[in-house]
Amino acid sequence: MYAVELTNVSKAFLGQNQREFLAVNQVDLAVAEGEFFSLLGPSGCGKTTILRMIAGFELPTSGEVLIQGEAMRDRPPFHRPVNTVFQNYALFPHLTVAENVAFGLEMDNLPRPEIEQRVKDAIAQVKLTGLETRRPRKLSGGQQQRVALARALVKQPQVLLFDEPLGALDLKLRKAMQLELKHMQQQVGITFIYVTHDQEEALTMSDRIAVLEDGQVLQVGTPAEIYENPNCRFVADFIGESNFLVGRVIEQHPGGVVVLVDEELPISIPSELDLPVGKVVTLVIRPEKATLHPHQYVDEPSLGGTVSEVVYLGTDTRFVIRLTPKSSIIVRRQNLYRSNLDSFSVGERVQIRIAPDSIRILEEGELSTNQPFAKPELGKRQ
Amino acid sequence: MQLFKSKSKVFNQLEFRKTLNLFTLLFPATFWLILFLIIPLIIVLVYSFLERGTYGGVEWIFTLEHYLRLVKPIYWVVFFRSLWLALLTTFACLIVGYPLAFFIATRSPRWRNVLLLLVIIPFWTNFLVRIYAWIIVLRQEGVVNVLFQSLNIIDQPLDLLFTSFAVSIGLVYGYLPFMILPLYATIERFDFSFIEAAQDLGANDLRTLLRVVLPLTTRGMLAGSLLVFIPAVGEFITPDILGGAKTLMMGNLVQNQFLSARNWPFGSVLSMVMMAIVLAPILISFRLAEDRQT
C-alpha cells in the first residue's frame, strides 16, 4: 500500500477570459511509506496544485487521490491524515509559539497533559526551547520556519506536505535546513512530500523526485536516475547543466550507432536502442563528464574543438569548446591543482574525451535547433 | 533641544523648517478642534455647575443641585434604556454586518466595489427621510402589518411603531454601514492562508471561525462597534420619530432640557454624563487593541 497515490488526476481552473486550463494533467503518482518524495518543476508546472489536492484544499476535476489506500474525495482537509508546512508558514499571529504548536492537538481534543508534553517535545525537536511564549512576529525567518515544522510534526501525521518551505530563507540557512529536514525525516519515518523549484534542493534531500512541466509528470526516479538518465530534453536541462547536440543516425551496428552532428562531426555511441539510419536524435552530455586534453593526444576516440571561452569559477573552470561552426559544448573541469588554472586558453585546439556510455541519447529533436553558445548562461545555478 | 545643540547650522535650519511645516499643516485641525470642541466642552462643563436662568441661559452662582438631581430613578431609566438600546444596536449590527462584510470581502474586486456602493447608497438620501420611511413600514396600517394580515399570520395589527423595537430597528438601519465598512477593511486584508492552516491542523469550519478568523479580525469588530455605539447612545432623532414619547433616550433628555425646559445647566449635566458613558467603552477597546499588538 502506498502512503499517497494519485490515479489519473487532473485539475482544471478557470483562467482569465473565462477559458479553462489544465493546471494538472492526468497525473499518476505513487509515494511509498516513509519516502522523501519531491515534486520538482518551474513555477506554474502544477506542483503546488498537486500538493493542495493531497491536503484537500483543492478537489481534482477528475481522478482520485488516495491516502493510505483510502479515497479522499469526500474528506475535507481537517479529516485527512496529512499536515502541511506552508510556503509563508501561515503561523497564527495572535498565538504564541507554544499555542501555535498546540493548536492542532487541541483540535483533536486531546487531554491537556498530553498536549503539553507533546508540544514541549516538538519544540525541543526543532530546537526552539525557550521561545515558547514569543509571538511569531518576534521570530526570525528561520525560527518561524521551525515553528511551522513543529506545528505540523506534533500531530504525527501519516504524511507531511511541504510547499517550498525554505524559499524565504537565505542560502546558508537553506542548506543547513535541507540536511536537518532530511535527518528529521529519517528519524521520524513520516512520508514527506516536498514541493520545490530548486533542483539542487530536490537532489540533496529526496529519495525520489517527480519532474513536472505544464501539469504533467515527465519523469519519476531517484536523484541519480533523474540526473544520469534524463528521459527528455526538459528534464536534462532543468536538472543540472547539459549540452545538447542534435544529429542524424548515419550508421547502426549491433550495440551502437554513429550520429552525425551538423553534417560534419561523427560521434560513435554504444546504444541498445533501435535507432534506424536517418533518425534524428539529441545527445545529452553533462559538462563534468567530458575531459579536455591537449590537441596532440589522439590515442582514444575523442572530439576535436577550439576553446572559445574560459570562465574561472573557483572550484572549477568552465570551458566553451566550439565543435563545429554551429555547435559548441561546455566542459567543466575541477580545479584539482593550482597549476591547472591557465592550462587551456582561448583559441587553442583541444581534444574532448567523453566516456561513450556517458552520452545519453534522446529520441527527439530537430536538426535546426543546434546553435552555438554565443553567451553561456553563467547565472544558472549548478 | 539636544539635537539643535549638537548638529550643524544647516541641519538646524532643516529641523526648523520641518517643525514649521508640521505646525503649518496641523494648524487647521488644531484651530478647528480648539474652537469647536475644546472651548464648547469647557463652556458646557462650567454651565453644569451654575444656577439656571429664568428664560434659559445661566446665573453665575455656583451650585451642585443639578448633579444631585441625577439620583432620581426617572433619569436612570433613560440612561439604562440608552445604554441597552445602543448595545443592542451594536450587537445586531455586528451579527448582521460581519457575514455581509465577509461576503463582500471575498468577492472578486469588481463585485466588491459594486456591493460596497450598495452599502453606501442609502447615505445619499436624507437621514430624516429614511427614518420617516420606517413609519410607513411599521405603523398599524403599514407595510408589515398589511402583509402579515393578508398572509393570515396575524389577526390584529401589531403595535410596532413607538416601541423600543421600532427604535432599535431604526438605529440598526441607520448605523449598519458604519459597522460594515471597518469590518470590510479588516477582513479584506485578512490572510486566508490562516484558514487553510487551521483546517489543515484539524479545525472544522466553526472552530476555524472561533479560534482564527474572529480573533484575527477583532480590530475591525472593535472599530465598527465604536462607530456604531457612540452615535447610537446619543441619538435623539430616531427615538423621537420612531419611539414617540414612551421611548426617550439620553439625547432626547438633553434636547428637552435645552429647548423646552430651558434648563441649560441640567442639560449640561446630562451631556457630561453621556460623555462619561461613551468614554468608557472607548478606553476599554483601546486597551484591548493594545493587548493585541504585543
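Sort A:LYS279, A:LYS47, B:LYS72 so the one with the fewest other Cβ atoms within 10 Å of its own Cβ comes first. Walk me through the numbers before you get to the answer.
Working: A:LYS279 18, A:LYS47 29, B:LYS72 9.
Neighbour counts put them in this order, fewest first: B:LYS72, A:LYS279, A:LYS47.
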For chain A, what is the convex hull volume of its Cα atoms per residue in Å³?
187 Å³
Would you give the gap between the C-alpha center of the range A:101-155 and the C-alpha center of the range A:55-85, rounded to a whole Å?
24 Å
If the chain between B:MET275 and B:ALA29 were fully stretched, how many nm would it gain, using 0.36 nm times the residue separation less the Cα-Cα distance?
86.4 nm
Mind giving me the nanometre distance, one decimal, between the label points for B:LEU87 and A:GLN187, set 7 Å out from Cα along Cα→Cβ?
5.3 nm
Taking A:LYS120 as the anchor, which aspartates and glutamates have their alpha carbon closer than 13 Å to its alpha carbon, excluding any fewer than eight residues away along the same chain?
A:GLU99, A:GLU132
Mind listing the long-range amide H neighbours of B:ARG139? Cut-off is under 5 Å, sequence gap 5 or more, other chains count too, H placed in the peptide plane at 1.01 Å from N.
none
List A:THR315, B:THR106 from most exposed to least, where exposure is judged by having the fewest other Cβ atoms within 10 Å.
A:THR315, B:THR106
With r defined as the distance between the Cβ atoms of B:ALA245 and B:VAL129 and R0 fixed at 30 Å, what FRET efficiency is calculated, to the nearest 0.05?
0.85
Just want the answer: with Cβ charges of +1 for Lys and Arg and -1 for Asp and Glu, which residue in B:LEU279, A:TYR89, A:GLY41 is farthest toward the dipole's positive end in the protein assembly as shown?
B:LEU279
Taking θ = phi - 60°, what integer Hz values does the Karplus form 6.51 cos²θ - 1.76 cosθ + 1.60 yield along the range A:187-203, in sequence order, with x for Gly and Pro?
5, 7, x, 7, 5, 10, 10, 10, 9, 7, 10, 9, 5, 5, 4, 5, 5
Grab the beta carbon distance between A:GLU114 and B:TRP76, set R0 = 56 Å, and tell me the FRET efficiency rounded to 0.05.
0.60
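Taking the Cα centre as origin and putting +1 on Lys and Arg beta-carbons and -1 on Asp and Glu beta-carbons, what dipole magnitude results for the range A:1-118, to the nearest 20 debye?
Numbers: 9 positive and 14 negative charges, 83 e Å.
Approximately 400 debye in magnitude.
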Ordered by residue, what ³J(HN,Hα) values in Hz, to whole numbers, does the range B:211-225 give under the Karplus form 6.51 cos²θ - 1.76 cosθ + 1.60, where θ = phi - 60° and Gly and Pro are x?
8, 10, 5, 4, x, 7, 10, 4, 4, x, 5, 5, 4, x, 4
The range B:134-180 versus the range A:223-241: alpha-carbon centroid distance in Å
73 Å
Non-local residues with an amide H under 5 Å from the amide H of A:GLN68, with H modelled 1.01 Å from N and Pro and chain starts lacking one, are A:VAL4, A:GLU5
Cβ density ranking, 10 Å radius, fewest first, applied to B:LEU283, B:LEU171, B:LEU288 yields B:LEU283, B:LEU288, B:LEU171
Among all lysine pairs in chain B that are eight or more places apart or on different chains, how many have alpha carbons less than 21 angstrom apart?
4
Kindly identify the range A:131-174 as rounded, prolate or oblate by the Cα gyration tensor criterion: order the square roots of the eigenvalues as a ≥ b ≥ c, call it rounded if a/c is under 1.5, otherwise compare a/b with b/c, prolate if a/b is larger, else oblate.
oblate
Taking Rh as the Kirkwood radius computed over alpha-carbon pairs of the range B:69-293 and applying Stokes-Einstein at 10 °C with viscosity 1.306 mPa s, one gets a diffusion coefficient in µm² s⁻¹ of 81 µm²/s
Cross-link reach list, aspartates and glutamates versus A:LYS326, counting only Cα pairs under 17 Å and skipping chain neighbours closer than eight places
A:ASP262, A:GLU263, A:GLU264, A:GLU309, A:GLU366
If one takes the longest principal axis of the Cα atoms in chain A, at what angle in degrees, from 0 to 90 and to the nearest 10, does the Cα axis of helix A:112-125 lie?
30 degrees
Students often forget the sequence filter, so: which aspartates and glutamates lie under 13 Å Cα-Cα from A:LYS182 once same-chain residues fewer than 8 apart are removed?
A:GLU35, A:GLU201, A:ASP207
Putting +1 on Lys and Arg Cβ atoms and -1 on Asp and Glu Cβ atoms, find which of B:TYR184, A:GLY69, B:GLY174 reaches farthest to the positive end of the dipole of the protein assembly as shown.
B:GLY174
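Tell me the mean residue ellipticity at 222 nm calculated for chain B from its helices only (DSSP H runs of n ≥ 4, each -39500 (n - 2.57), averaged over every residue, nearest 500).
Details: 15 runs with 208 residues, N = 294.
Estimated from H runs of four or more residues: -23000 deg cm²/dmol.
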Could you work out the helix-only [θ] at 222 nm for chain A, with each DSSP H run of four or more residues adding -39,500 (n - 2.57) and the total divided by the number of residues, to the nearest 500 deg cm²/dmol?
-6500 deg cm²/dmol
Measuring from centroid to centroid over Cα atoms, what is the spacing of the range A:157-214 and the range A:301-359 in Å?
34 Å
Which residues' amide hydrogens lie under 5 Å from the amide hydrogen of A:GLU309, considering only partners 5 or more residues apart or on another chain, with H built in the peptide plane?
A:VAL320
Here the Cα Rg-to-2.2 N^0.38 Å ratio for the protein assembly as shown is 1.45
So, in nm, how far is label B:LEU20 from label A:LYS172 when the simple model puts each one 7 Å beyond its Cα toward the Cβ?
4.9 nm
Taking r as the C-beta separation of B:ILE154 and A:TYR312 and R0 as 56 Å, the FRET efficiency to the nearest 0.05 is 0.05
Expressed in nanometres to one decimal, the distance between label points 7 Å along Cα→Cβ at A:ASP274 and A:ASN335 is 5.1 nm
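Every read-out reported here was derived from the displayed coordinates using simple, explicitly stated rules and does not represent laboratory data. These numbers were taken from a predicted model, which means no experiment stands behind them. Don't worry about glycine lacking a Cβ; one is built from the backbone with ideal geometry, like all the others, and counts go over all protein chains shown.
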